[in-house]
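Have a look at the structure below, then the notes.
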Amino acid sequence: MYIQSLKINGYKKFKDFTIDFSPHINVLIGENEAGKSTILEAIDIVLNQKTFISPNASFEQYFNQEIVQEYKFQPSIKNLPKIEIELFFNDEKDIRSEYFNGLHSSFSPTMKTGIKFTYKFDESHHELLDVLYEGNYDETFIPLDYYIAEWNTFAGRKYINKNSPLKNVLIDNSIRKNNLFDSYSRRIYINKLAPPDRQNLSHQFRKNVQHFVNSNTEKLNLQDYSFGIDEGKTVLENLLDLKSEGVSIQNKGKGKENLIKTEIALEVKSDLILLEEPENHLSYLNTRKLIKDIQNKCDGAQIIITTHDPLIVSRLDLRNTIWICNRRYYSLKNIPLETAEYFMKTDNMQLLNYILAQRVILVEGNSEYILLPQLTINTFNYTLEKHVVELLSGGGITYKHYIELSKIVKNRLLVITDNDGDQETINSISETNKENSNVLIKCSPDINEFTFEVCLFNSNQSKLQTISEKKPGTTAEYRKKALNQNLAYMLKNKTEAALRISEEDDYKTHVLLPQYIQEGIEWLIQK
């Protein structure tokens, strides 16, 4: 089995949320607080009966706040907040299906395979709460003392985690919890060893402990009492610790610890591996090693990863990416293979910024990247940040791959490019612009303005007439063609000229954007 989909109602950010997963690798991306970690938590709650198993804890913090406010606006027993989380498995017909397959899901009367977790008001206390509501009881108070947590399969059977259909492990590299190592070691131990082997080791361990007690009876006697071993503390699984080269992983550096934990989890034959920000504390080289391990060792396991690392997103194939945004999800599985392979090969470190951005300006070279922020202020008297515009450098003619990506993520893309002195290029760009309403490619319509520096100079000749003076000996030609000396300097020293224009008082606040770029930015921010 594998997790086919997850449905969350009333838990944390998600009032009503459903997400589908692929059988193998799923990479969850999104802004901070988008709900990526909540998705892993929800799976862990259902499969492993986490969090809500303790009857004495206060769980009000886990309710969706929108539902809480609706209850407080119109308090009644039927409006009390509740949490429902459902895990749907594929309909694989094996011996476990009978236990998990049935009509007890939100898709009833259709048969589904899965587990349902519910945290709700216990109806057996209905009469007592009726009395409270009739008195001086604060109706906006959520009566958690009368709530119950239930785990049931879709067959209507009570679910306990020892009957989990999936061997699974959750590795949270984002934070360090007090009991992280104990629980992680225990989970790996359970997944790695078959039940008969665990029983045998447990028996041998307890037998040796008892032998120690029997061999030291006289020393352990204390007048009318004797020392014994607390049986609750001699459970082998609770004493296990993972070691690497004889050193506990919790005594390793945080980066090494994260790498070791992930490597071991991948080597163990788990059906499901949940990875929370596996890149945390890892160097670039170790991140690449981690990615190779995931690619080579998953061996049919389903992996669900949350990440903020563009390297993980691109190297694990963009088509495995799921974008969490505005309490919805967007799968990138339909991105063309050529585009996915391009990003896999280029280690594009700005990829996540591109996917998460509302509006993007994609430029070809360093000059545009350096100058556009300041020239936008000079021209429009506002910053790109004010209109939530992300400025990225595409490098060369790769913008076609970004266009394919924008078709999926539906952001607004402005491409600033050169016409290279080719009328056919200008015509081709014009045709491409007709195909996508959320993408606009802009270049100079004049074939004589073959590159950005020419456009910039022609738009600001009076302001750039002295720029070559700090570079004596600049010849008034470019590619064996006679040119204005200042323009020749800008073409021969593109990055240097851009830095000077962005920093020196003679130019910094005076130079304006070329007209075609002005038109592009106005289009980009218009809605």
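The numbers here are math on the coordinates, done by the rules we state, and not lab data. Here the structure is a predicted model, which means the values were calculated and not measured. Backbone-built Cβ (ideal geometry, glycine too); neighbour counts: all protein chains shown.
If packing is taken as the average number of other Cβ atoms within 10 Å across a peptide's residues, how do 5-17, 376-388, 306-318, 208-220 rank, most packed first?
In descending order of packing, they fall as 306-318, 5-17, 376-388, 208-220.
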Exercise for the section: For the stretch 430-508 and the stretch 1-78, compute the distance between their C-alpha centroids and round to whole Å. Expected result: 53 Å
Completion exercise
For K78 and R328, extending 7 Å from Cα along the Cα-Cβ vector and measuring point to point gives, in nm, a value of 3.1 nm
Exercise for the section: Using a cut-off of 14 Å between beta-carbons, work out the net charge of the residues near N436 (Lys and Arg +1, Asp and Glu -1, N436 not included). Expected result: +3
Fill in the blank from the handout: Karplus ³J(HN,Hα) for the stretch 196-213 (6.51 cos²θ - 1.76 cosθ + 1.60, θ = phi - 60°; Hz, whole; x = Gly/Pro) runs x, 5, 5, 4, 5, 5, 4, 4, 4, 5, 5, 5, 5, 4, 5, 4, 4, 5
Practice task
Grab the other residues whose beta carbon is less than 10 angstrom from that of V415, score K and R as +1, D and E as -1, and report the net.
Solution key: +1
Exercise for the section: For the stretch 3-166, restrict the atom set to alpha-carbon positions and state the Rg and Dmax in Å. Expected result: 17.0, 55
Fill in the blank from the handout: In this structure, the FRET efficiency calculated for V68 and Q204 from their beta-carbon separation, with R0 = 51 Å, to the nearest 0.05, is 0.50
Problem - Neighbour net charge for H510 - beta-carbon separation under 12 angstrom, K R +1, D E -1 - result: -1
Fill in the blank from the handout: Here the FRET efficiency for S393 versus L240, based on Cβ atoms and R0 = 45 Å and rounded to 0.05, is 0.35
Completion exercise
Restricting to Cα pairs under 8 Å and 6 or more apart, the percent relative contact order of the stretch 357-524 works out to 27 percent
